[in-house]
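> First, the structure itself, so that you have it in front of you.
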Amino acid sequence: MRDSFLRRLGTVAIALCILLLSGSWSRAAQTPKTLVLGVIGVDSPTARGVQLTVERFNARGNTVTPDGTQYRLEVQVRDANNASEIGTAITNLRQANAIAIFGPDNDELAQASVNVLLSAGAPVFTSATSPAVSTTGSLFRVRASDARMMNAYAQYITTDLGKNKIAIFQGDPIVAQRVTVFSTALGQLGKTPANTVLQVAGGQIKDTARVLLGSQPDMIVAFGVPDQAATLLRELRGQGYTGTYGYPDAQDRTFIRALPTELRSGIVGVSNWVYSNPSAVSSQFVRDYVALFGEVPTAQSAAAYDAAGAVIIAAARNGIAPDAITRGLLALPKVESIQGNFNGALGNNELSADVTVFTTGSYGAPVLNARFDETGRLTGPVVAGSTTAPLATQLPAASPTPEGVTATVKNSSLNVRRGPGTNYDVIGRLRQNDVVQVIGISPAGDWVEISFAQQQGWIVTNLVTINGSLTTVPIIEPPPSPTPPPATATPTAQPFPDLVVLSTVFNPPQPKSGQPFTVSVVIRNQGVANAGQFAVAASFLPGNVYAAQTVPGLAAGAATTVNLTATVTGPGTYTVAIVVDLNKEVNQGPNKKSNEFPISYTVVP
């Protein structure tokens, strides 16, 4: 099965491979060295995209650099959840001689780790689209930036859909910058958001939906996490909204699965690529990805695949030194790729300008509506057809079977873990018919230890066929079991008031420098006791312009609206706090963590 799969990979067509015809790949009889591509993010979409690239190029033969050295490609993956761990992962990958590093997938993590990524000492490829992740030096962006995506999104909404009254939902402060980019794109097209509602922690989505509908929009565009966006759509439909709903990340399966079937269609989204793209190279990519990983690829996987292929080509042409790979990437011409086109000449270390606007179909799958690149809106349909430069079909010689006791995988996919138990982290996967060397066995005999990606891993014994005698391998004591998270006590209702901000609405949606604006703050007492008099205040930037209003009291379960008016001078994007119970007149109990609720806004000239 694996041989037939590699044969399929060998015949896969992708136009990037026209750059390989210079003879950089060879089958000369010499023992190849290992060339490592590093990834931050175990079992991530980026890791899978890079792995598929390596599978395809290895099926083509050895990679030969200008000095004549032959290499077999290998992927090494490290996990990281914060900037410090990103630094550790990069150090480990560089010690493993990784010539390039891909990841992390998460925008927020990439933004927090920019300085670490810039100092990696090797080319780094991020799928982050936020303008806060400034790509320069050896840091490259592999997907179209938010500016490109939001400009295309706004153009499609206003031109193709003819929408004029567009309300915006901001579900979290971390998406404020993306909201600003979208609002700016609308402004450039002569459109001003009809309403911009900021959801605050503790607020009720149903109240936010009511505020959004108050402006009578013909389209609502939501920015936030998938579950939040899905909950908002359910509330809007439940309150009678029949207009168009937009969620830029609508191809996220978490979002689609959070919706009932009858609400999954007609949602407008935007991305760098969708798996339903019918081009020949995309269709083949999807088929091979599903065959290898058992699931549909994401937009990040496609971007990582394109970038990894470009890195390998650059190394074959220029050598494996970091500056040589960087020069090689930037020198590559614009050429067809999975996303649309790889283009090293875009500037600012951006490698793709491809944007796809789509609408979800009956069951939530993305249906391509329009495509854009650095030249603007692309005309003409995307059609399936033959590609321009197929990979060579000859396969490399089969890998030698490991010596000693070996294990052959029975199933289509088998997790490799850090220890003998499902409570240990997954560090990778094996595929059906993969053969690995067994180096130990657990005391109970139900797990075996193997050599995996230059480290030790564990797999379940009854999911593999053992070749040889397990009595000849040592019994290995398992590594320390992962520490379970501490139990969280179930909170009990407190006999106190609890004042929270449900939503904030700016009028106008984008305050103008030097002109008064009003922020309507909806506050609820979600506690079980009545609240007495309290003050609500904020100091608006720039200039710390103070505004406050006193609320005479608020019954348990009741809500009220406070209007704060101010005038500021100076354009820019700012984050301030709405302070509820400024003078601490209301006893909200010992469990009240904060009376400050952050909001973000943009002041225009």
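> At 0.36 nm per residue, and after removing the present C-alpha to C-alpha distance, how many nm does the segment from V528 to N92 gain when stretched out fully?
Gain on extension, V528 to N92, equals 151.7 nm.
> Given that compact globular proteins tend to follow 2.2 N^0.38 Å, what is the ratio of the alpha-carbon Rg of the range 68-111 to that value?
Output field value: 1.33.
> If I model a spin label as a point 7 Å beyond the Cα along the Cα-Cβ vector, how far apart are those points for Q432 and E295 in nm?
1.9
> Related question: May I ask you to list the lysines whose Cα is less than 17 Å away from that of K163, ignoring any residue fewer than eight positions away on the same chain?
Qualifying lysines at Cα under 17 Å: K191.
> Let me ask another. Within the accessible area of the range 514-604, what % is carbon and sulfur when the probe is 1.4 Å and the other protein chains stay in place?
49
> Roughly what would the spin-label model give for D172 and V42, points 7 Å off Cα along C-beta, in nm?
Reported label-point gap for D172 and V42 is 2.3 nm.
> In nm, give the distance between the simple-model label positions of A548 and N81, each being 7 Å from the Cα along the Cα-to-Cβ direction.
Using points 7 Å along Cα→Cβ, the separation is 4.1 nm.
> Can you work out the FRET efficiency for the pair T408 and T242, with r the C-beta to C-beta distance and R0 = 45 Å, to the nearest 0.05?
Computed FRET efficiency for T408 and T242: 0.20.
> I would also like to ask the following. Report the Cα centroid-to-centroid distance between the range 463-479 and the range 576-601 in angstrom, as an integer.
Their Cα centres are 59 Å away from one another.
> On a 0 to 90° scale, report how tilted helix 176-188 is relative to the longest principal axis of the chain, with both axes built from alpha carbons and the result rounded to the nearest 10.
With rounding to tens, the tilt is 80 degrees.
> Roughly speaking, to the nearest percent, how much of the range 160-280's 1.4 Å accessible area is carbon and sulfur?
Ligands and nucleic acids excluded, carbon and sulfur reach 47 percent.
> May I pose another question? Counting heavy atoms of the protein chains only and a 1.4 Å probe, report the per residue accessible area for the chain as a whole number of Å².
Value for the chain: 42 Å² per residue.
> Give me the tail of P(r) for the chain as a percent: Cα-Cα pairs with distance above 41 Å.
Here the long-distance tail beyond 41 Å is 35 percent of all Cα pairs in the chain.
> Taking the alpha-carbon distance from K592 and a cut-off under 20 Å, which aspartates and glutamates remain once sequence neighbours fewer than 8 residues away in the same chain are dropped?
Output for K592: D498, D581.
> Arrange the peptides 496-507, 309-320 so that the one whose residues have, on average, the most other Cβ atoms within 10 Å appears first.
Sorting 496-507, 309-320 by mean packing, highest first, produces 309-320, 496-507.
> Got a sec? Which residues in the range 283-300 would a label at L463 touch, if it sits 7 Å along Cα→Cβ and we count backbone N under 19 Å?
Counting backbone N atoms under 19 Å from the label point, the list is 290-296.
> Under 19 Å between alpha carbons, and skipping anything fewer than 8 positions from K334 in its own chain: which aspartates and glutamates qualify?
Partners found: D306, E350, D354, D373, E374.
> For a quick protection proxy, order the peptides 422-434, 468-480 by their average other-Cβ count within 10 Å, most packed first.
Listed from highest to lowest mean packing, they are 422-434, 468-480.
> Name the residue farthest towards the positive end of the dipole of the chain from the options N115, P333, N62, assuming +1 on Cβ of Lys and Arg, -1 on Cβ of Asp and Glu, about the Cα centre.
P333
> Please give the net charge around Q533, taking every other residue with its beta carbon less than 10 angstrom from that of Q533, where Lys and Arg add +1 and Asp and Glu add -1.
Cβ neighbours under 10 Å give a net charge of -2.
> Relative to the first principal axis of the alpha-carbon coordinates of the chain, what is the inclination of helix 45-60, with its axis defined by its Cα atoms, in degrees from 0 to 90 and to the nearest 10?
20
> Right, another one. Could you tell me the distance between the Cα centroids of the range 213-276 and the range 297-337, to the nearest Å?
If we compute the Cα centre of each part, the gap is 35 Å.
> Please give the charge dipole size of the chain, origin at the Cα centre, charges +1 on K and R Cβ atoms and -1 on D and E Cβ atoms. Round to the nearest 20 debye.
With only Lys, Arg, Asp and Glu charged at Cβ, the dipole is about 800 debye.
> Something else about it: As I understand it, the value is the acute angle between the Cα axis of helix 280-293 and the longest principal axis of the Cα atoms of the chain; what does it come to in degrees, rounded to 10?
It works out to around 80 degrees.
The values are calculated or read from the model by the stated rules, or taken from the named source; none is laboratory data. If you're wondering where the values come from, they're calculated on a predicted model, not measured in any experiment. All Cβ positions, glycine included, derive from the backbone under ideal geometry; neighbour counts span all protein chains shown. These accessible areas exclude ligands, DNA and RNA; they are computed on the full protein's heavy atoms, side chains included. Shrake-Rupley method; radii C 1.70, N 1.55, O 1.52, S 1.80 Å.
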